[in-house]
Amino acid sequence: MSDVNNTNDRSLDDLDDQQNKTDSEEYVTALIDGQLFGIPVLSVQDVLGPQTLANIPLAPPEVAGSLNLRGRIVTAIDLRKRLGMDPADREKSMSIVVDHHGELYSLLIDEVGEVLQVPMQNYERNPATLDPRWRDVSQGIFRLDGRLLVILQVQRLLDIIKVAAAA
């Protein structure tokens, strides 16, 4: 009889684990000018330390240059500029590499944090007081122990590339 109860308990635990996984999301965190940002973990291809960037003539201001990642050319986007902050220190900037429609992009940030699993019950829509430039590229926020985690939408971040290509 106790074996049946143990089996049922394990099944309930497994069900609870599955429920918790669907009730939370994972994000790679990035620090930019002291602000915590999150990028959906499924969008992240790689994390890089400081890289040498090649200049791209006539590129939009947000495009910091390009780099070679294992034989692939990757466009580097300065997230500080994209978010309306002072430009990044390219010698110290780290990168989160994302795939967008089969192309790789390196998002230059100040510092990579950790992978956080955040309960969806803590999710909030963008507040009206959020900087409009941030609101345009954010899908929402999480309040975490006195800090604000702004969730970035990769597609919206990279819309600048489409606008520049159309010009």
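The values are calculated or read from the model by the stated rules, or taken from the named source; none is laboratory data. Keep in mind it's a predicted model, so treat the numbers as computed, not measured. In this analysis, Cβ positions are derived from the backbone assuming ideal geometry, glycine residues included, and neighbour counts consider all displayed protein chains.
Annotations for the structure displayed:
- Of all residues in the range 103-129, those satisfying the criterion of being touching a strand residue (DSSP E or B) at 6+ places or on another chain (Cβ under 7 Å), without any contact (Cβ under 8 Å) to a residue 60 or more places away in the chain and either under 27 Å from GLY49 (Cα atoms) or hydrophobic (A, V, I, L, M, F, W, C) (or both) are LEU104, TYR105, SER106, LEU108.
- For the range 145-161, the criterion of being under 30 Å from ARG70 (Cα atoms), in contact with a Pro (Cβ under 9 Å, 6 or more places away or on another chain) and at pLDDT below 90 is met by at least one residue.
- Qualifying residue in the range 132-139 (condition: over 22 Å from ASP23 (Cα atoms) and polar (S, T, N, Q)): no
- When the range 142-154 is limited to residues that are in contact (Cβ under 8 Å) with a residue 24 or more places away in the chain and assigned to a strand (DSSP E or B), the one that is nearest to GLY113 (Cα to Cα) turns out to be LEU149.
- Taking the range 45-94 as the range and being surrounded by fewer than 19 Cβ atoms within 10 Å (Cβ to Cβ), in contact (Cβ under 8 Å) with a residue 40 or more places away in the chain and within 23 Å of LEU130 (Cα to Cα) as the test, the residues that pass are GLY84, MET85, ASP86.
- Residue among GLN139, GLN117 that alone is modelled with pLDDT of 90 or more, assigned to a strand (DSSP E or B), surrounded by fewer than 14 Cβ atoms within 10 Å (Cβ to Cβ) and not small (Gly, Ala, Ser): GLN117
- Screening ILE109 against (1) surrounded by 12 or more Cβ atoms within 10 Å (Cβ to Cβ); (2) farther than 21 Å from ASN68 by Cβ leaves a single unmet condition, (2).
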